[in-house]
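Below: the structure, in structure tokens.
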Amino acid sequence: MTPPTLRLARSEEAERILFIEDDAGERFAEVGLTDEFDGLPPDLIAGAVADGLLFVLTDDADVPVAFALCRVFDDSLHLQELNVLRSWQGRGLGRRLLDRVREESGSRQLRRVTLTTFRDVPFNAPFYRRYGFVDLDEGLPDWLRAIRAKEIALGLDVSPRVAMELVTP
């Protein structure tokens, strides 16, 4: 098996992106969390594709098996979501996508990569901390506070969640 190919997502792959999101989300049940989010909105996927901010890793048949969806806010590239099919997890795909996201932040001359995630879920904040992300407990920019407020409005308990950043050169 050849290593997955990294490329930009195509608009016709939106359904596949949602499938990967749903499949990867099944892991939350393993740690006692229910699926608290609705799927990614189609307009968000379409916007990320149009902006060149939806990266995929594909199998030998060029079918996506993992993705990272980003958005630009002020001086930050915000990692909205990163998912890997469960059958492909544990092979370094998340790290490859993070490398690409960090590279994109630098090429766009943005100061940092940000995200929000679960603080104590092993494949969430601890994974990002190993990559070099640090918790943002104070001084959240307005747009990141708005993302947190939207999570609350969607009914998500944000107490076990954390905002994080990785400063890029």
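Observations, loosely collected:
- Any hit, the stretch 29-44, residues being farther than 24 Å from Leu136 by Cβ and among the aromatic types (Phe, Trp, Tyr): no
- Considering the stretch 62-83, the residues that are without any contact (Cβ under 8 Å) to a residue 60 or more places away in the chain and touching a Lys or Arg at 6+ places or on another chain (Cβ under 6 Å) include one that is surrounded by the most Cβ atoms within 10 Å (Cβ to Cβ), namely Pro64.
- Any chance Glu36 is modelled with pLDDT of 95 or more, over 20 Å from Trp88 (Cα atoms) and among the charged types (D, E, K, R): no
- The stretch 100-154, residues that are hydroxyl-bearing (Ser, Thr, Tyr) and either within 14 Å of the chain's Cα centre (by Cα) or surrounded by 15 or more Cβ atoms within 10 Å (Cβ to Cβ) (or both): Ser105, Thr114, Thr116, Thr117, Tyr128, Tyr131
- Number of the condition not met by Pro41 [criteria: (1) surrounded by 13 or more Cβ atoms within 10 Å (Cβ to Cβ); (2) at pLDDT below 95; (3) over 24 Å from Asp120 (Cβ atoms)]: (1)
The values are calculated or read from the model by the stated rules, or taken from the named source; none is laboratory data. The model shown is predicted, which means the values in this text are computed figures rather than measured ones. In this analysis, Cβ positions are derived from the backbone assuming ideal geometry, glycine residues included, and neighbour counts consider all displayed protein chains.
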